[in-house]
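The structure appears right after this line, and notes come after that.
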Amino acid sequence: MGDDSKTAKGASAAGDYEAISEQLAALQEDMSRLAETVGAIAERRGRSMAADIAEGLGEAKHYAEARGRSAEAQLEASVAAHPWMTIGLAAVAGFLMGALSRR
């Protein structure tokens, strides 16, 4: 009777080992699929974020260009309206720059 119980325990252990091996293989396959899915999601989100950033930078560029043109137009209008004041301010700025560069 002792030999029969050892044989049964050995067969049970072998069956348990096979079941665990199958479960580990299934788990490994599931983890592989999960990693692929997470990678694909991250890649899509990364592309989406890059597109959003590029769009935002494009909008910022257009805004800065429009504001620059607007400021340039205002400056030109101010110079045209007050030419003598512009010459005086340029002269004062030149004198200040010269005085600061001598020190």
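Derivation of every value follows stated rules applied to the coordinates shown; laboratory data play no part. Quick caveat: nothing in here was measured; it's all calculated off a predicted structure. All Cβ positions, glycine included, derive from the backbone under ideal geometry; neighbour counts span all protein chains shown.
Legend: calculated FRET efficiency, Ser32 to Ser12, from the Cβ-Cβ distance at R0 = 41 Å, rounded to 0.05, equals 0.85. Calculated FRET efficiency, Leu100 to Glu55, Cβ-Cβ distance, R0 = 30 Å: about 0.10 to the nearest 0.05. Does anyone have the angle between helix 83-102 and the longest principal axis of the chain? Alpha-carbon axes, 0 to 90°, nearest 10? Its long axis makes an angle of about 70 degrees. Which log10 I(q)/I(0) values, to two decimals, does the chain give at q = 0.11 Å⁻¹ under the Debye formula with one point per Cα? Here log10 of I(q) over I(0) equals -0.76. By the helix-only formula, in which each DSSP H run with n ≥ 4 contributes -39500 (n - 2.57) and the sum is divided by residues, the chain has a 222 nm mean residue ellipticity of -36500 deg cm²/dmol. Rounded to the nearest 10 degrees, the inclination of helix 2-81 to the longest alpha-carbon principal axis of the chain is 10 degrees.
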